[in-house]
1. What would the Debye equation give as log₁₀ I(q)/I(0) for the range 90-171 at q = 0.14 Å⁻¹, counting only Cα atoms as equal point scatterers?
2. Based on the alpha-carbon set only, what is the convex hull volume of the range 125-186 divided per residue, in Å³?
Amino acid sequence: MDRNRKIDNFPHCSLLLLSFFEQKGCQNSELKRELDDLDLSDHNYIESDGDLQTDGHSSSVTYRDLLHELQNQVQPQLPVDAEQAQAAREMAAELIRIADLLEQRVLFQAAETLTKKLDSCDTQLWSRHLSDGVQGLLHQVAGAKEFKKELVEMALTFVLMKTVCERVPCFLFRLYGTVVQYFGPR
């Protein structure tokens with residue numbers, strides 16, 4: 001895969017982010033559960049008390065339906081074909097290689113700072129704090145210049161998000177939406 005592939009050629013940030021998390025793995029079991037809830041292939045049902053809606057349909061809905069509705073708020077639709085899924089896995093692997101350039105100490109310091117900021121501010125400010133954290137990391141990453149800046153930013157954003165979510169798994173849904181919006185079509 002071309003390490004300088006344009007991000008614009010891969011418009012499905014949502015799928016890429018999920019693939020990144022899947023390949024990178026989770027050390028926190030609570031975060032793993034949060035990711036499983038975020039996975040759109042889940043077909044579990046949320047049952048109501050059996051009442052019918054005014055249109056005569058059951059009010060039972062699937063997690064997939066709810067997540068699809070949430071997903072449409074941050075990005076129109078996830079791709080479902082095997083070719084796009086494979087492209088996401090390949091690009092996520094490349095982002096992981098870039099992210100691995102980070103020194104763990106630097107990443108943990110950035111994650112600690114970001115976690116504190118996110119914990120004490122409104123969700124509307126998360127994008128700015130995340131961006132500030134990524135920009136700070138950009139200045140500290142040795143070897144990042146060999147990659148396209150957009151790829152490095154995406155890799156650092158994903159790894160910083162993952163590190164924060166390992167610490168505070170309940171941030172996953174909100175950070176996921178923030179990241180997808182940030183990298184989404186402009």
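1. The Debye formula, applied to the Cα set alone, gives -0.43.
2. On the way: hull volume 5.1 nm³, N = 62.
So the per-residue hull volume is 82 Å³.
Coordinate-derived values only; no laboratory data. The model shown is predicted, which means the values in this text are computed figures rather than measured ones.
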